[in-house]
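The values are calculated or read from the model by the stated rules, or taken from the named source; none is laboratory data. Being a predicted model, the structure only gives us computed values, none of them experimental. Heads up, the Cβs are rebuilt from the backbone with ideal geometry, glycines too, and the neighbour counts pull from every protein chain shown.
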Amino acid sequence: MATEVFKEKRVHSSRLVPFSYYESCLPDYFSNVPLHWHKEFEVNYIRNGQGEFICGDDRFCFEKGDIIVVQPDMLHAVRPGSDEVTLYDTLVFSAEMFVGAGGDRSALEFFIPLAEGLMLVDTGITQSHERYSELVACVREIFKNAKKNTPLNDIVLKSELLRFFAILAESGSVHPAARGASAKSELIRPALSYINEHFRESITIEQLAEASHLSKSYFMSCFKNAAGVGAIEYINQIRVKAVCERLRAGGGNISEIAFECGFANLANFNRQFKRQVGASPKEYRSMNLQRR
């Protein structure tokens, strides 16, 4: 069960506008998208670049033209795979778009089971998919109307999303979840919550393993498999990301910000920051201030 602590805190949907559109770029202010989850569905369309998309226990190597679908509360992350810039469109939308207050049979027998994880969608849709041309046409219409962002365009967006999921179901890309099956990635969700709540403090592998009710060795193996990086590397990513957000906001002493975000050693902080971001903290702040 998803805990509230580590759910992404950005608000993606509301009753009036039950979706959000993002034009995503990696690397941008950060080099990757660390493992996280949110309560909405997500559809991504890769416009340029390649890399790895982690979704639950699945790893999907994506490239230009691929479509990626994420269900609610599913742990997922994005890791670019080359020096080439990765550009992709993202739509994050609430199941309420299709379920509503009462719920017809399409909601009760399709969208609610999808939202609750009782049915699963294939994460990665490539050009080899038998109905790729129809699916990509839907996706392009979805994003075209999401960008225009008017009540009339919302109608078209909803209709194209419905068609998109209908094609997936007809082509066998939607299937029942195996009974009693639980993704191994779910075992580390308590650790992710602990990290998000305590990353400003000292954290040990022992603490994370205990939070996950796993042995230390098994926890380390599960974490690396789920997140694509080890737990200590992940903690450093979260800390550097927090520093980046502070630096983008403007003022403050860089050393103090580093300490407040969990780094106890400035030499280690500078090394981690430069490795992950590709610039020193001072250079990074200067570049982002110039963009304003």
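At-a-glance table
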item	result
Matching residues, region 1-25, being surrounded by 15 or more Cβ atoms within 10 Å (Cβ to Cβ), modelled with pLDDT under 90 and within 15 Å of the chain's Cα centre (by Cα)	2, 6, 7, 12
Residue satisfying all of: in region 178-196; among the aliphatic types (A, V, I, L, M) and buried (at least 16 other Cβ atoms within 10 Å of the Cβ); nearest to residue 71 (Cα to Cα) among these	183
Of the criteria (1) surrounded by fewer than 16 Cβ atoms within 10 Å (Cβ to Cβ); (2) closer than 16 Å to residue 44 by Cβ, which one residue 124 fails	(1)
Test: residue in region 197-212 that is surrounded by fewer than 15 Cβ atoms within 10 Å (Cβ to Cβ), of a type in the set (Asp, Glu) and in contact with a helix residue (DSSP H, G or I) (Cβ under 7 Å, 6 or more places away or on another chain)	yes
Conditions (1) closer than 12 Å to residue 191 by Cα; (2) touching a Cys at 6+ places or on another chain (Cβ under 9 Å); number of the one not met by residue 246	(1)
Any hit, region 252-268, residues being surrounded by 20 or more Cβ atoms within 10 Å (Cβ to Cβ) and closer than 12 Å to residue 29 by Cβ	no
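A quick yes/no check of all residues on (1) assigned by TED's automatic domain parsing to the domain that holds residue 79; (2) over 24 Å from residue 55 (Cβ atoms); (3) at pLDDT 95 or above; (4) not acidic (Asp, Glu):
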| residue | (1), (2), (3), (4) |
| --- | --- |
| 220 | no, no, yes, yes |
| 232 | no, no, yes, yes |
| 236 | no, no, yes, yes |
| 247 | no, yes, no, yes |
| 257 | no, yes, yes, yes |
| 276 | no, no, no, yes |
| 279 | no, yes, no, yes |
